[in-house]
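I have placed the structure first, in the form of structure tokens, so that the comments after it can refer back to it.
The values are calculated or read from the model by the stated rules, or taken from the named source; none is laboratory data. In this text, all values refer to a predicted model and were calculated from it rather than measured experimentally. Every residue, glycine as well, gets a Cβ built from its backbone with ideal geometry; the counts of neighbours run over all protein chains shown.
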Amino acid sequence: MAFKFPRCQVLPLPDQQVSFQVDGVERLRWHFGPAYPRPFFYPLVGPTGTPLTRMGHPGAPNHDHHRSVWFAHAKVLGIDFWGDTTKARIRQKTWLAYQDADEEATMAVLLGWFDGHDPKELLEQEVVAGVRPGPDGETFVELQMTFRPAAQSLEFGQTNFGFLAVRVAKSLSAHFGGGQITSSEGATGEPAIFGKAAKWIDYSGPVPKGDIEGITYFDHPLNPGHPVRWHVREDGWMGASVCMNGPQTTTRNEPLALRYLLHAHRRGADRERSEKVLKDFADRPGYEVVKAKVKHQEYAIRRTLQSKR
């Protein structure tokens, strides 16, 4: 019985987890169980097999909501979906598609944002995640999210906190480890980068096998306010702050859509490399989830026919 195994695979696991694998080795894992207030990805694995992200802050237990790579926002109609101190929850409602392929493994899911009081969701978030291999064991994680409100419109309030955050491993942190934060504009360190606009931010540092590895976080050119302003901290986290300077509104007719790319790479920040990756990301069409046209499959994920640049 002939069967060709795709190089990139999505593997559903027990306890509401999903593993993204390349050549049979895990590069990323999705967690969506009810034990946590919101879903997250952990770990994002570097080229030498070391997790480059971390669960929680190295020194502050009141930051346990920093779960590796996660979606959240601090002011949704005034409700805090960022921290763990409110009843607000983000829950996975259903998965739509898991797709294996040689180029990339993709997953599409629907998340509901619930205020903790009304059983009806405030909004639905469609997430498409794609994992593809880079050179020499590197990994690209492309994340596309679309926010559709239950009402005609919904406002995400002004805040530094939202929508996609990354807590790096302790050794990558500039304060707790030997890491460094670098921006696309050539700035380094929290004081020079916090609140400033940049096309990408890199957080790199030492890993146990004696190498330097890191994560570059890219803002897509079509995202609102690009280049975005960044909330970064020397203690080891970074986030694109879409609402830093003002609110964003999403509507049923024109839902807010955001695209980001995480590059788990070897060596430290490399401007030439990152600019090439950004160009490829900008030229690469986004995802869309469509009704499948094959047996035994409800939905399919495909790239839009044209780049929307």
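Check off (1) outside any helix (DSSP H, G or I); (2) farther than 24 Å from residue 241 by Cα for residue 147 and give me the number that stays unchecked.
Failing condition for residue 147: (2).
Among strands (runs of 3 or more DSSP E) lying entirely in the stretch 62-142, which contain 1 or more residues that are over 20 Å from the mean Cα position of the chain (by Cα)? Explain how you work it out, then say what you get.
On the way: elements: 69-73, 89-99, 105-114, 123-133.
In the stretch 62-142, the matching strands (runs of 3 or more DSSP E) lie at 105-114.
Here's the yes/no breakdown for (1) touching an Asp or Glu at 6+ places or on another chain (Cβ under 6 Å); (2) under 20 Å from residue 196 (Cβ atoms):
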position	(1), (2)
239	no, yes
249	yes, no
284	no, no
289	no, no
294	no, no
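For residue 80, which of the numbered conditions (1) acidic (Asp, Glu); (2) within 20 Å of residue 220 (Cα to Cα); (3) free of Cβ contacts under 8 Å to residues at least 12 places away in the same chain fails to hold?
Failed condition: (2).
So residue 85 ticks every box in (1) surrounded by fewer than 18 Cβ atoms within 10 Å (Cβ to Cβ); (2) in contact (Cβ under 8 Å) with a residue 12 or more places away in the chain; (3) among the β-branched types (Val, Ile, Thr) but one. Which box is left unticked?
For residue 85, the failing item is (2).
Six or more apart or on different chains, Cβ atoms under 6 Å: show the pairs whose first residue is in the stretch 142-167 and surrounded by fewer than 21 Cβ atoms within 10 Å (Cβ to Cβ) and whose second is of a type in the set (Val, Ile, Thr).
145/127; 153/249; 153/251; 155/249
If you take the residues in the stretch 207-263 that are basic (Lys, Arg) and modelled with pLDDT of 95 or more, which one is surrounded by the most Cβ atoms within 10 Å (Cβ to Cβ)? Break it down into steps so the answer makes sense when it comes.
Keep residues of the stretch 207-263 that are basic (Lys, Arg), which gives 209, 229, 233, 252, 259.
Subset that is modelled with pLDDT of 95 or more: 229, 233, 252, 259.
Numbers: 229: 19, 233: 20, 252: 12, 259: 23.
Per the stated criteria, the residue is 259.
Any idea which residue in the stretch 270-305 is surrounded by the most Cβ atoms within 10 Å (Cβ to Cβ), counting only those that are of a type in the set (A, V, I, L, M, F, W, C) and assigned to a loop (DSSP other than H, G, I, E, B)? If you could, list the steps in order and put the result at the bottom.
Going through the stretch 270-305, the residues of a type in the set (A, V, I, L, M, F, W, C) turn out to be 277-278, 281-282, 289-290, 292, 294, 300-301, 305.
Now restrict to residues that are assigned to a loop (DSSP other than H, G, I, E, B): 292, 294, 305.
Details: 292: 15, 294: 6, 305: 7.
Checked the stretch 270-305; the qualifying residue surrounded by the most Cβ atoms within 10 Å (Cβ to Cβ) is 292.
Would you mind telling me which numbered condition in (1) free of Cβ contacts under 8 Å to residues at least 12 places away in the same chain; (2) over 19 Å from the mean Cα position of the chain (by Cα); (3) closer than 30 Å to residue 190 by Cβ residue 296 fails?
Result: residue 296 fails condition (3) only.
In the set 211, 202, 235, which member is charged (D, E, K, R) and within 16 Å of the chain's Cα centre (by Cα)?
Numbers: 211 fails: within 16 Å of the chain's Cα centre (by Cα); 235 fails: within 16 Å of the chain's Cα centre (by Cα).
Going through 211, 202, 235 in turn, the sole match is 202.
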